[in-house]
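In what follows, a single structure is set out as structure tokens and then discussed.
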Amino acid sequence: MTETTPTILADLAHEIRSKNAGPFWVTMELFMRDADGYRIAADESFLNERTVARLYDVDEEGIQIFRIPSLNVVKISFPRPVSQASLFDRDIHSGQHHVPLAVLPVPDN
Amino acid sequence: MDKEPVDFVTVMAPTGMLGAGFPEATIERGLRLGADVISVDGGSTDSGPYYLGASQPKTTRAAVARDLRMLLKAAARADIPLIVGSCGTSGTDNGVDWVAGIVADVQAEEGLNLRVARIYSEQDSADLKECLDAGRIHALPPAEELRPETLESCTHIVGVMGHEPIVAAIEAGAQVVLAGRATDTAIAAAVPLMKGMPAGPSWHAAKIIECGGQCTTDPRAGGVLATIDANGFSIEPLATTAACTPNLVAAHMLYETANPFRMREPDGTLDVGDATYTAVDETTVRVEGSRFHVADQHTIKLEGARITGYETMSFTGIRDPHILSAIDDWAALLRTMIKQRVEQTIGLTDDQYAFDVRLYGYNAVLGDLDPAKGAPREVGVMLLVNAPDQATATAVAKIANPLMLHLPTPDMNYLPSLAFATSPAETERGPAYEFVLHHVVDSRTPTDMFRIEFEEATRRD
């Protein structure tokens, strides 16, 4: 990574993943490396319902965010925007949908 | 089963999915550690509605037979029950019979004679319409209120059972329980609950072991063993090379759950908000503080799938740097041209069929959500067509074929030839399905929507 590239959430995480939670929900988890990384990911002024709605083009009202300090985890769930395995579903298990979240630039202190 | 009270119950989960495999040594170790029951999941909705809609298993018969052979022999030797949930991937009656046929063959080949119960979970749409009329069916978010015609449109509907039908089968003498659609947890929670273990630890342990070794440091090495007692449960891997850690066990509550703290089962809600996870030694984790709130109304969740149309797929590749530098323009032109040509040749308008053009290598996976920009080196163009019948879907794909072979970008004054991957280019995918039910039925009893049938093991013809 060059010095000009902003830090992204993935740089501060051990793993960022996404998956179906049943046929009608998508869920994502950010496993942050340490408490410092968790503090950034869990910061409601940075990563909130509005941020997620913008990244995934979904309604803010349906988004649930769980912040779990004991595990340094932030978990995000929302209703699946495209019906599973329908003509316009390109990710049957929602397994690759974590990427926009993972490459989200972290704000400067 | 003996009726004497017990201090603890030990559940072996050899793998997250019947047919996914496990080392034989891990089963031996589980028996040595004193497993009271073997539970293994045989299905899921995870891979989409096809398996329910078409009532077809996702796993191949040889893989299921391989796993069942080892598990049946282990269950027979240790004289403990073997419970398989969501048989045949979707838990349709046909899926239960498919697994039962494999079990019968293995029993005959191995000289076993375990008593097998089949629990059928498929539901009749007419019965469900009566439930709907009686106000006993409710939508789960984000679903909307159920309409009777939705029930009629399903090719298959299953009810997702809790532990109760499984307990009933074992109490009636089953040594092998082949359950239709069941919650992932019910198959592991059944015996602990039957033997009087508290619901909080029983359901929590069941959730943690549902994916086999996923809560260990080496998920590929095999499954896990959970021991449930009056105050909590302990969990350890079946493979000596793997370990459970407090973080891995706690994190598994997050896996494939919308809410990581509360999980609804037919007879209530598991609540792990106050659970504690402690390392007992280097491989074993102790969990306490799990609670279970019994619901006022027992409910059975429904799953149903219906045909949305028939699909035909076609795939070409682009390596030409000029086209790739204008790939969005090219794809937009392809979409426009397909619509025009389809209307000109077979007179179909937009609402009579549908298609998707996916640019693999560029933005096929995330589409407009993709944060990355820039031209790729090569792109695979997938055309996926959906139409009310297979012939129409294929006709649309064939009309698109010359375009997918020769379509230039708007600024090119010659026709390129693109790289088809197969000939013929069109692959018929058959019926496509969608899940349409996300609803629960208020149960009259925990078992009355399920039918239990017993059979003595005999060789099939």
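Table for the structure above
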| item | result |
| --- | --- |
| Where only alpha carbons of the stretch B:28-135 are counted, the Rg and the Dmax (Å) | 16.2, 53 |
| Whole-percent carbon and sulfur share, accessible surface of the protein assembly as shown, 1.4 Å | 49 percent |
| Over chain A: helical MRE at 222 nm, DSSP H runs n ≥ 4 each giving -39500 (n - 2.57), nearest 500 | -4000 deg cm²/dmol |
| 10 Å Cβ shell holding at most 11 others, DSSP loop, GluC sites (Glu not before Pro): longest site-free stretch of chain A | A:45-109 |
| Residues whose placed amide H lies under 5 Å from that of B:L238, excluding near-sequence neighbours | B:G223, B:V224, B:L225 |
| Members of the stretch B:43-57 that become less accessible by 50 Å² or more once partner protein chains are added (1.4 angstrom probe, chain alone as reference) | B:D46 |
| Cα gyration tensor shape for the stretch B:353-412, rounded if a/c is under 1.5, else prolate or oblate | oblate |
| Two-decimal log10 I(q)/I(0) for chain B, as the Debye equation yields it once each C-alpha is a single scatterer, q = 0.07, 0.10 Å⁻¹ | -0.45, -0.82 |
| Ranked order, B:H204, A:H98 - accessible area, probe 1.4 Å, largest first | A:H98, B:H204 |
| Net charge of neighbours whose Cβ lies under 11 Å from the Cβ of B:A391, counting Lys and Arg as +1 and Asp and Glu as -1 | -1 |
| The stretch B:230-362: relative contact order as a whole-number percent, Cα under 8 Å and 6+ apart | 19 percent |
| In the stretch B:330-437, the chymotrypsin sites (Phe, Trp or Tyr not before Pro) that fall in loop regions by DSSP, at most 12 other Cβ within 10 Å | B:Y414 |
| Spin-label model distance (nm) - B:D370 vs B:F420, 7 Å beyond Cα toward Cβ | 2.5 nm |
| Proximal charge balance of B:G273 [Cβ under 15 Å; K/R count +1, D/E count -1] | +3 |
| All lysines inside 17 Å of B:K398 as judged from Cα atoms, apart from same-chain residues fewer than 8 positions distant | B:K339 |
| At least 50 Å² accessible surface lost relative to isolated chain, residues of the stretch A:61-97 (1.4 Å probe) | A:F66, A:L71, A:K75, A:Q84, A:L87, A:R90 |
| Relative contact order [Cα under 8 Å, 6+ residues apart], chain A, whole percent | 36 percent |
| Amide hydrogen neighbours beyond the local backbone of B:A364, cut-off 5 Å, H modeled | B:L359 |
| Solvent-accessible heavy-atom area per residue, rounded to whole Å², over the stretch B:89-196 at 1.4 Å | 34 Å² |
| Among the listed pairs A:K19/B:K129; B:K58/B:K373; A:K19/B:K301; A:K19/B:K58; B:K58/B:K195; B:K73/B:K195, those beyond 28 Å (Cα-Cα) | A:K19/B:K129; B:K58/B:K373; B:K58/B:K195 |
| Alpha carbon Rg of chain A, scaled by the compact-globule rule 2.2 N^0.38 Å | 1.07 |
| Local net charge near B:I83, Cβ-Cβ under 15 Å (Lys/Arg +1, Asp/Glu -1) | -4 |
| Chain pair B, A: total accessible area buried, heavy atoms, 1.4 Å probe, Å² | 3100 Å² |
| Cα-based Rg / Dmax (Å) for the stretch B:175-324 | 20.2, 71 |
| For the protein assembly as shown, alpha-carbon Rg over 2.2 N^0.38 Å | 1.04 |
| Accessible area per residue in Å² at 1.4 Å probe, computed on the stretch B:340-461 | 54 Å² |
| Sequence-separation-based contact order of chain B, relative, with Cα cut under 8 Å and 6+ spacing, percent | 20 percent |
| Residues with amide H under 5 Å from that of A:W25, placed H, sequence gap 5 or more | A:R80 |
| Per-residue average of Cβ from other chains inside 10 Å of B:67-78 | 0 |
| Accessible surface, 1.4 Å probe, highest first, among residues B:E149, B:E311, B:E426 | B:E149, B:E426, B:E311 |
| Drop in accessible area of at least 40 Å² in the complex versus isolated chain, residues of the stretch B:243-271, 1.4 Å probe | B:L254, B:Y255, B:E256, B:A258, B:F261 |
| Computed [θ] at 222 nm, deg cm²/dmol, chain B (DSSP H ≥ 4; -39,500 (n - 2.57); rounded to nearest 500) | -9000 deg cm²/dmol |
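The values are calculated or read from the model by the stated rules, or taken from the named source; none is laboratory data. Every value quoted in this text rests on a predicted model; they were computed, and no experiment measured them. As a convention, Cβ positions derive from the backbone with ideal geometry for all residues, glycine included, and neighbour counts pool all protein chains shown. Just the protein is used for accessible areas: all its heavy atoms, side chains included, with ligands, DNA and RNA removed. Shrake-Rupley method; radii C 1.70, N 1.55, O 1.52, S 1.80 Å.
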